[in-house]
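Just below is one structure, and these are the notes that go with it.
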Amino acid sequence: MIENDVMIKTFVYNYSHELEEYYTVKKTKFLSIDDPLAGIAVKKILEENNLDYLAGYIFLSYDGKPVFTEERTETECLLTTWLDLARILREEEDKEFEICFLDNADGNAIIKKESGNYVITLQKRKQGPADTFTKPAEKLKEAVRKNFVKFIGFCRQPNLVFSKESLYSNALEEYEKIKG
């Protein structure tokens, strides 16, 4: 592994809590968007959620150490979470903002740019201190840009349909601005 390596992967649900069954032949709760069966799972997730919400999680590690994990960043709306995370691509000021993990019992994250780094604080709704990680700004921004474009590219598959009420149109606008 390369030192100072930032890795981001997006995973989608592959299990229906409503139907108590897997969406695909793979018997795993989540599928990477790189998995050939992920499109099938996403289509079923969207159908189950009125075409509004795409559930899953974002995995992020730095130097092989996990920062965002399944338990901490599982979200009912990957579009919301990715749009929040992509703010680092357009926010040049040193200010903080929240990354929402919709309906996650553990809490959201706060990200703030400080002295050429991003400080990510994973809030906890349960007792105990928050987890804080510091990452080089440019490396994180490049990984976010690359993986946001990859995620929205995945969502643009012709067989995936989102409702007008979803954040999909906002995500497409952001995609067009940063895909360069």
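Of all the criteria given as (1) in contact with a Phe, Trp or Tyr (Cβ under 7 Å, 6 or more places away or on another chain); (2) modelled with pLDDT of 95 or more, the one not satisfied by LEU37 is (1). The single residue among THR24, THR10 that is within 24 Å of ASN108 (Cβ to Cβ) and surrounded by 17 or more Cβ atoms within 10 Å (Cβ to Cβ) turns out to be THR10. Considering the stretch 107-126 alone, what residues qualify as being in contact (Cβ under 8 Å) with a residue 24 or more places away in the chain and either within 18 Å of GLU76 (Cα to Cα) or exposed (fewer than 14 other Cβ atoms within 10 Å of the Cβ) (or both)? Scanning the stretch 107-126 gives ALA109, LEU122.
From LEU60, LEU85, LEU54, LEU31, grab the single residue that is within 17 Å of the chain's Cα centre (by Cα), of a type outside the set (D, E, K, R) and assigned to a loop (DSSP other than H, G, I, E, B).
From the options LEU60, LEU85, LEU54, LEU31, the qualifying one is LEU54.
Restricting attention to the stretch 50-81, the residues that are hydrophobic (A, V, I, L, M, F, W, C), touching a strand residue (DSSP E or B) at 6+ places or on another chain (Cβ under 7 Å) and closer than 26 Å to GLU176 by Cβ add up to 7. Here LEU102 clears all of (1) in a loop (DSSP other than H, G, I, E, B); (2) under 18 Å from LYS146 (Cα atoms); (3) not β-branched (Val, Ile, Thr) except the condition numbered (2). Given the conditions (1) without any contact (Cβ under 8 Å) to a residue 60 or more places away in the chain; (2) in contact with a helix residue (DSSP H, G or I) (Cβ under 6 Å, 6 or more places away or on another chain); (3) of a type in the set (Val, Ile, Thr), which single one is not true for THR134? Against the list (1) without any contact (Cβ under 8 Å) to a residue 60 or more places away in the chain; (2) in contact with a helix residue (DSSP H, G or I) (Cβ under 6 Å, 6 or more places away or on another chain); (3) of a type in the set (Val, Ile, Thr), THR134 comes up short only on (2). Scanning the stretch 105-119 for residues that are aliphatic (A, V, I, L, M) and part of a strand (DSSP E or B), we see that the one that is farthest from the chain's Cα centre (by Cα) is VAL119. State whether the residues of the stretch 14-27 include one that is in a strand (DSSP E or B) and either closer than 19 Å to ALA143 by Cβ or polar (S, T, N, Q) (or both). Yes, because at least one residue in the stretch 14-27 is in a strand (DSSP E or B) and either closer than 19 Å to ALA143 by Cβ or polar (S, T, N, Q) (or both). Got at least one residue in the stretch 166-179 being surrounded by 13 or more Cβ atoms within 10 Å (Cβ to Cβ), in contact with a Ser or Thr (Cβ under 8 Å, 6 or more places away or on another chain) and part of a loop (DSSP other than H, G, I, E, B)? Yes; the residues of the stretch 166-179 include at least one that is surrounded by 13 or more Cβ atoms within 10 Å (Cβ to Cβ), in contact with a Ser or Thr (Cβ under 8 Å, 6 or more places away or on another chain) and part of a loop (DSSP other than H, G, I, E, B). When residues in the stretch 73-123 are screened for being closer than 29 Å to GLU18 by Cα, among the charged types (D, E, K, R) and in contact with a helix residue (DSSP H, G or I) (Cβ under 9 Å, 6 or more places away or on another chain), 1 of them pass.
The values are calculated or read from the model by the stated rules, or taken from the named source; none is laboratory data. Worth saying up front: this structure is predicted, and the values here are computed from it rather than measured. When we count neighbours, we look across all protein chains shown, and the Cβ atoms used for this are built from the backbone with ideal geometry, even at glycine.
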